[in-house]
Ligand SMILES: Nc1nc2c(ncn2[C@@H]2O[C@H](COP(=O)(O)OP(=O)(O)OP(=O)(O)O)[C@@H](O)[C@H]2O)c(=O)[nH]1
Ligand SMILES: [Mg+2]
């Protein structure tokens, strides 16, 4: 059930740094993508830029625990932080964050930090749309840093790399080292590599990553660094944070940060266009009922005719477009 709300009132509270208003606006944007433009219209005068970090890796490698540790360091530096957690299999609220629930409660109550979990399955309007819009809200709220945690599998996850400035790929010692690295062309997406759970070993995989990096060329002039951490004790997290800040500085000095920022919007515009076209096509030319009809015919008449039916449909679409 949708709750009534008054956008003007929420925006006023939001601008006064009211976290409840932030939470409500996120919910509105999540449930009603079409409301985003209305909300952002009220925020056009906001100037703040946040630095956006992506943390990715296989399930259970310690992304949330690490995010918590990174967060602690940045909070100590007086930074304001917004976290978006996509598809948490062990959500922060489950106690994995920071290793235990008590510390997690401490940090999530910190006035300078805000956390939101999203489930991408069955997501209205696409998960990267929501991630983009929520990150804009975080920027407007005055966050210095935004951290997006995603499990590194699937196209939807892959898309999220287009939305961040620094991608941290987290790996762990032990199981299927080579497989971990091959997954999602992992060596191409990382700006920073971290081997977590160093208390369980990890030298081997760190060496393997270094070797793979040695065989690669980096047009950007940035050679990804490799750190080793124990996210539970916090060991090595300083190095990791330093690497992230070094990458930020590299992007800023080489001005490629502007390219990254443009890329975020390029990605966003394309997504809006595709969503719109998808809507036009599915409503105007080929709706769910028609698709079902074609499928039923295919089962009755044979599956090869389906190509002719679809082809004819496309001809109709071309005709309509040409007419315009
Ligand atoms: N031994 C050891 N365990 C760790 C370390 N970091 C995290 N863990 C543990 O690994 C488990 C998974 O940690 P999470 O932080 O939830 O991992 P995640 O990558 O966020 O997991 P998902 O979000 O479910 O993909 C928890 O039991 C953590 O306590 C570490 O450095 N060493
Ligand atoms: Mg997690």
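Return yes or no: is residue 30 in contact (Cβ under 8 Å) with a residue 40 or more places away in the chain and in contact with a strand residue (DSSP E or B) (Cβ under 8 Å, 6 or more places away or on another chain)? For residue 30, the condition - in contact (Cβ under 8 Å) with a residue 40 or more places away in the chain and in contact with a strand residue (DSSP E or B) (Cβ under 8 Å, 6 or more places away or on another chain) - is met. Counting only helices (runs of 4 or more DSSP H) wholly contained in the stretch 222-324, the ones carrying 2 or more residues that are under 30 Å from residue 200 (Cα atoms) occupy 237-253. Set side by side, the residues 57, 78, 62 differ, and just one is away from ligand 2 (no atom under 16 Å from the Cβ) and on the phi > 0 side of the Ramachandran plot, which is 78.
When the stretch 118-138 is filtered for residues that are outside any loop (DSSP other than H, G, I, E, B) and modelled with pLDDT under 85, the ones remaining, listed by number, are 118, 127, 128, 129. Flag: residue 221 matches the condition of being surrounded by fewer than 13 Cβ atoms within 10 Å (Cβ to Cβ), in contact with a helix residue (DSSP H, G or I) (Cβ under 8 Å, 6 or more places away or on another chain) and on the phi > 0 side of the Ramachandran plot.
The values are calculated or read from the model by the stated rules, or taken from the named source; none is laboratory data. Predicted model only: the values in this text are computed from it and were never measured. Using ideal geometry, Cβ is built from the backbone for each residue, glycine included, and neighbour counts are taken over all protein chains shown.
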